[in-house]
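Contents: one structure, followed by commentary.
All of the numbers you see were taken from the coordinates with simple rules; none came from a lab. Just so it is clear, the structure is predicted and the values come from calculations on it, not from any experiment. Because the Cβ atoms are built from the backbone with ideal geometry, glycine has one as well, and the counts that use them run over all protein chains shown.
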Amino acid sequence: MSSFTWQHPDHIRFMLEDCDTWAVVGLSGDPLRTAYGVSAWLQARGKRIVPIHPDAPTVLGEQGYPTLAEVPFAIDVVDVFRRSSAAGQFADQAVQVGARGVWLQLGVVDAEAFERTTRAGVPMVMDTCPKIEWPRLDRRSA
């Protein structure tokens, strides 16, 4: 399976342009963590972020939840900041809660989770970051 499949331009465009509520798995209040910086960047572009963390902290003004299942509103994208060995369970949970997409961050790859998620009809992007892909949108075909 190639990274083109994992980073399909149509899936990237869909999530960045059509999805507004991003549940960020692994987001804590530590501004030195990558999840925090990317979440702040998403917020600055009009996305609502939802921290998903066992401690359920309020981060960047948004209430956190310990699990995806406890979020009381619809989630568009589940953005996973966890190592590859732990990412698959969150992709599965995203499908269970009806998320419209799953995004595994730069360096995070789980080919089996990709197969399960896309087979369930949910687009998935792996091994890249919205901050990398956003500037490329204008150069991608619609």
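A compact table of results
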item: Selection from segment 1-27 of residues that are among the hydroxyl-bearing types (Ser, Thr, Tyr) and either surrounded by fewer than 12 Cβ atoms within 10 Å (Cβ to Cβ) or over 17 Å from residue 108 (Cβ atoms) (or both); result: 2, 3, 21
item: Filter result (without any contact (Cβ under 8 Å) to a residue 24 or more places away in the chain and surrounded by 14 or more Cβ atoms within 10 Å (Cβ to Cβ)) within segment 107-135; result: 118
item: Strands (runs of 3 or more DSSP E) wholly inside segment 23-142 that include at least 1 residues being closer than 16 Å to residue 10 by Cα; result: 77-80, 101-104
item: Considering residues of segment 70-94 that are of a type in the set (A, V, I, L, M, F, W, C), within 15 Å of the chain's Cα centre (by Cα) and surrounded by fewer than 19 Cβ atoms within 10 Å (Cβ to Cβ) only, the residue farthest from residue 25 (Cα to Cα); result: 74
item: Complete set of residues in segment 107-123 that are in contact with a Lys or Arg (Cβ under 9 Å, 6 or more places away or on another chain) and among the hydrophobic types (A, V, I, L, M, F, W, C); result: 108, 122
item: The one condition in (1) in contact with an Asp or Glu (Cβ under 7 Å, 6 or more places away or on another chain); (2) crowded, with 21+ Cβ neighbours inside 10 Å; (3) in contact (Cβ under 8 Å) with a residue 60 or more places away in the chain that residue 104 fails to fulfil; result: (3)
